[in-house]
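The values are calculated or read from the model by the stated rules, or taken from the named source; none is laboratory data. All figures in this text were calculated on a predicted structure; none of them were measured in a lab. We place every Cβ from the backbone using ideal geometry, glycine too, and count neighbours over all the protein chains shown. Keep in mind that these areas ignore ligands, DNA and RNA; they rest on the heavy atoms of the full protein, side chains included. Shrake-Rupley method; radii C 1.70, N 1.55, O 1.52, S 1.80 Å.
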Amino acid sequence: MQTFGILILSGLTNGSVYALVGLSLAMTYGASRVINFAQGEFVMLGALSTVLFVTTFSLPMVVGIPMVLIVCATVGFLVERLAYRPLVRRGSQPLTIMIGTLACASIMTGTALLIWGPNQLFVPNAFSLEGVTIAGITSTPQQLAIIATFAFLMALIWFMLYRTTFGLTIRAVGIDPAVATLMGIRAETIIAFSFVFSAIVGGLTGGLVGPLLGGHVSMGIMLTIKGFMAVILGGMGSPFAAAAGGIAIGLLEATVAFYGNSFYAEPIIFGLILMMLIIRPTGLLGEWEANRK
Amino acid sequence: MSSTTLRNWLPATVILMIGAVLPWLLQGNFQLRIAMLTWVFAIFGMGFNLLYGIAGQLSLGQQAFFAIGAYTFALLQIHFALSLPLALLGGIVVCAVVGLVIGLPVLRLRTHYLAMATLMFAMIVHDVALRWTDFTGGTSGLRVPPPSLFGARLERIDLYYLVFGLAAAAYCLQIFIKSTHLGRALEAVKTDETAASSVGIDVTRYKVSIFVVAAMFAAVAGIAYALVSRGVDPSYSGIGMVVNLLTLSVVGGLGSRIGPFIGAAIVIIAPQILAGLQEYQTLIYGVGLLVFMIFLPRGIGGSIERSAEGSFDDPKGEKSARRISRAETP
């Protein structure tokens, strides 16, 4: 029972990270119909700029984290303004735009490499890393903070998308930007917002998960892929389906790592996704989403 | 000579001539190595060009086949003492089989989904290459035995002509595929899958075929790279490799015949010219990729072909006629 609890907890922690990446991928995709390949890089940027502000500049955490979020928001804005928007304006295909975001990921990694170097860095922790035992299961406040942040952001996004007029405009732009524009919605602003918002979510994730994973310039791409696995498993249709996929992958990984070898976790998940694709070729989310370009 | 024939074989002749005389113009092993790497990446780019440029199927996992080909080539020589041609053939066959097995389920996906699924596959191959130390040699990789053909040791210059020969063969194959029923069917698939299947094109079959062909191109490139580097290591399947591939394809020009050659030459030579640039490589490739996509989306090769097309495609002089008539009417 106790091992089961530990498994669930570690699965939830990693799962929350994948879910947060998946959720922000789905957010950007929801508004712009483009997979933002740089999404994982925002987690990297979040983790490493925490190192910059808190360790190098020795700012207190309360000041450091907002600074990190400002940096991520700025970079998110730049990605939209310098890559996404020019490509859309010249009528590029969605896949071309995706390669454009991959170029952004490459630029971010390259710049981070110049600033922070190739070594793994210790990321300062906002919450204690000391073990806390609740009902026989040992955890750390940092770990719990990740899960709590994930739950809070889910609630926030749900409220924003489904209970506010602003959320309605986001969903409208996702369905058809041209028609949304005719209804008086500034589609480009909404899309810019989705990029900046996802960047902030990514930065926050990075600051929180950094102490557990360690900060490394090349950590981003792996997280983008995990986030996308979450999205395929759950569904790109809504951020919540993607989040559910992320949690599922986290739990699956923890289980495989516990009973076998963590090395097999990825091939097994990949195999599962492939199998799912054979049974449901368009993914769990159904035909409507996968057939859209 | 018809315009299509001319358009296909004029660049081929130019490339063939450049390739043949290049060793006399270059000095030292280092420059020869750079030339060989250009041919290697041109082969890699041509495979990707067929898959994405012609058929519109974006795979971000071509580096997996690049690595599988190279590893198979090395392992067959090390463990079974196979000769170079047999090991080369072995590497290609293994990649074709893996391409078929992966392609059948994965090609049910479209657009972003296909790109991500293939990238996932490549990440797993990368993990295996890194961690299955007994088989793949882990981080340090495997050494490829000194190349020899029919009992004779291959010198650097022989190796150059071998690699160049492979690139020339790949170019011919590329032109051949484009001119056959397969090539036309693939262009139809790229434009509209539903419309293509409505005129009797077996979309799945064609997509899988071209995926396997692209895997074989990647295998040949990987093997040639292993021959030139005298070894194979996990960086073959790394994310850097796919960024190189995308950069060279976009800079050269997607769907362009000569694009892969121009792109490969730039991607390989540029970092050498700007000395001490290694640190900035990731950054510069990223910036280059983005700038080309925004400002020159056809790439260098595509732009050259387009401006040359005026003289090829205008047998009746319609364009010049139009220009004259416009000049005459005030």
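Our coupling estimate for the range B:245-256, obtained by passing each phi through the Karplus curve with A = 6.51, B = -1.76, C = 1.60 and θ = phi - 60°, is 4, 5, 4, 5, 5, 6, 5, x, x, 6, x, 8 Hz, Gly and Pro reported as x. Between B:GLY231 and B:VAL144, the built amide H atoms are under 5 Å apart, and every one of these is 5 or more places off in sequence or on another chain. Taking the chain by itself as reference, the range B:78-111 contains these residues with an accessible-area loss of 40 Å² or more in the full protein complex (1.4 Å probe, heavy atoms): B:PRO105, B:ARG108, B:LEU109, B:ARG110, B:THR111. Apolar share of the accessible surface for the range B:9-238: 67 percent from carbon plus sulfur atoms, 1.4 Å probe.
In this label model, B:PHE30 and A:MET276 are separated by 5.1 nm, measuring between points 7 Å along each Cα→Cβ vector.
Amide H contacts for B:LEU149 (H built 1.01 Å from N in the peptide plane; partners 5 or more residues away or on another chain; cut-off under 5 Å): B:LEU154.
Taking both sides together, the accessible area buried where B meets A is about 4100 Å² for a 1.4 Å probe. The heavy atoms of A:LEU52 offer some 40 square angstrom of accessible surface to a 1.4 angstrom probe. Relative to the longest principal axis of the Cα atoms of chain B, the long axis of helix B:181-191 makes an angle of roughly 80 degrees. Probing with 1.4 Å while keeping every protein chain in the model, the per residue accessible area of the protein assembly as shown equals 42 Å². Contact residues in the range B:118-132 by the 50 Å² criterion (accessible area, 1.4 Å probe, full protein complex versus chain alone): B:MET120, B:MET123, B:ILE124, B:ARG131.
Of the accessible area of chain A, with the probe set at 1.4 angstrom, what percent is carbon plus sulfur?
Exposed carbon and sulfur together represent 70 percent of the surface.
For A:HIS216, the accessible surface of its heavy atoms amounts to roughly 50 Å² (probe 1.4 Å, protein chains only, rounded to the nearest 10).
The 3J(HN,Hα) values that the Karplus relation (6.51, -1.76, 1.60; θ = phi - 60°) gives for the range A:266-272 are, in residue order, 5, x, 5, 5, 4, x, 4 Hz. Gly and Pro appear as x.
Highest GNM mean-square fluctuation among B:ILE43, B:ILE273, B:ILE54, for chain B modelled with Cα contacts below 10 Å: B:ILE273. Where Lys and Arg each count +1 and Asp and Glu each count -1, what net charge lies around A:PHE193 among other residues with Cβ under 11 Å from its Cβ? Computed value for this residue: -1. In the range B:291-307, burial by the other protein chains removes 50 Å² or more of accessible area from B:MET293, B:ILE294, compared with the chain on its own (1.4 Å probe, ligands and nucleic acids ignored).
Rolling a 1.4 Å probe across all protein chains gives A:PHE4 an accessible area of roughly 120 Å².
The alpha carbon centroids of the range B:261-308 and the range B:33-108 are separated by 23 Å. Treating the angle as unsigned and between 0 and 90°, give the value, to the nearest 10°, between the Cα long axis of helix B:281-295 and the longest Cα principal axis of chain B. Rounded to the nearest ten degrees, it is 20. For the pair the range A:162-211 and the range B:151-210, the centres of their Cα atoms are 41 angstrom apart.
The angle separating the long axis of helix B:156-179 from the principal Cα axis of greatest extent in chain B is about 40 degrees.
Taking θ as phi - 60° and the Karplus parameters 6.51, -1.76 and 1.60, the scalar couplings of the range B:23-33 work out to x, 6, 8, 8, 10, x, 5, 5, 5, 5, 4 Hz in sequence order, x denoting glycine and proline.
Of the residues A:ILE134, B:ILE177, ranked by 1.4 Å probe accessible area with the largest first, the sequence reads A:ILE134, B:ILE177.
For the protein assembly as shown, the equivalent ellipsoid derived from the alpha-carbon gyration tensor has semi-axes of 42, 31, 23 Å in decreasing order. Largest mean-square fluctuation among B:SER198, B:SER59, B:SER303, in a Gaussian network model of chain B whose springs join Cα atoms under 10 Å apart, belongs to B:SER198.
Put A:PHE195, B:PHE135 in order of accessible area, highest first, and with a 1.4 Å probe you get B:PHE135, A:PHE195.
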